[in-house]
Amino acid sequence: MSRSLRKLGLAAVLVTTLCVLAGCGSGANKANGIEKLDAVPAFLKSVDATRAAGDIEVTGRLPINGVRTTVVSRFQGDVADATLTSSAGTVQVVRSGSDIYVKAGTKFWSKFVPAAQAKSLNGKWTKSNIEGSLRSFKTFVDKDTFFRASGNIKKGAAVTVDGRTLLPITDPKDNTNSSWFIGTTGKPLLYRARIGANANYVFVYDKGGVIALPPDAIDASTFQLPIQ
């Protein structure tokens, strides 16, 4: 091989390597055009992209029944789970299709069922239809929780958060009083949200891991659980 050909080959390798490191031509770094859209089309495009994402972890901090709670939700296809952690204890939720499962301790259950029953449910999985007696927990394992908006949303100027450029969409205080922050490169995914005055969420994609379904569960069809 001639010296000139060897130089060309080396140059090609260097260019390829630099492009890999810098993300040359990768969809993840290309502007997605979301900033050029009006607020409603931009919001709807983000809703579609986020709903279609196959692996999402959402961490939120919000008051539940007056207690400040950290909620970590994961979404993988038609399966989702959530862990609620607060001074009141830990509650786990799993959704699979039309079924929802909840596991909690005696302290939690004692607010809703007789003491003896609460004790018997300690650390055990319960189950109902997604619209049944455990439906109050659906909000933690439903992507639509993050997309409730009025028709009066407004688009703001792009901001940089943790090195990522995001487009803010806001809903006025007299409507849902919420804000959403959408990625301007790659897919127009939702990366941060504030729902109402007190619920703040951060979205992470493709972390991996598998959501495990409970092996067995107690029928919760007679329970009444007014979670707010």
Looking at (1) in the same structural domain as Ser179 (by TED's automatic domain parsing); (2) acidic (Asp, Glu); (3) in a strand (DSSP E or B), which is the one condition that is false for Asp81? (1)
Return the only residue of Phe108, Phe112 being surrounded by 15 or more Cβ atoms within 10 Å (Cβ to Cβ) and either touching a residue at least 24 places away in the same chain (Cβ under 8 Å) or assigned to a loop (DSSP other than H, G, I, E, B) (or both). Phe112
Residue hits (the range 132-143; free of Cβ contacts under 8 Å to residues at least 40 places away in the same chain and in contact with a Lys or Arg (Cβ under 8 Å, 6 or more places away or on another chain)) are none
Matching option when the condition is in contact (Cβ under 8 Å) with a residue 60 or more places away in the chain, of a type in the set (Asp, Glu) and under 28 Å from Arg51 (Cα atoms), among Asp81, Asp99: Asp81
Out of the residues in the range 197-228 that are touching a strand residue (DSSP E or B) at 6+ places or on another chain (Cβ under 6 Å) and small (Gly, Ala, Ser), which is modelled with the lowest pLDDT? Ser221
Working only within the range 84-105, note down all residues that are more than 19 Å from Gly208 (Cβ to Cβ), in a strand (DSSP E or B) and of a type in the set (A, V, I, L, M). Leu84, Val91, Val93, Ile100, Val102, Ala104
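The values are calculated or read from the model by the stated rules, or taken from the named source; none is laboratory data. Because the structure is predicted, anything quoted here is derived from the model rather than measured. A quick note on method: Cβ atoms are made from the backbone with ideal geometry, for glycine too, and the neighbour counts reach across all protein chains shown.
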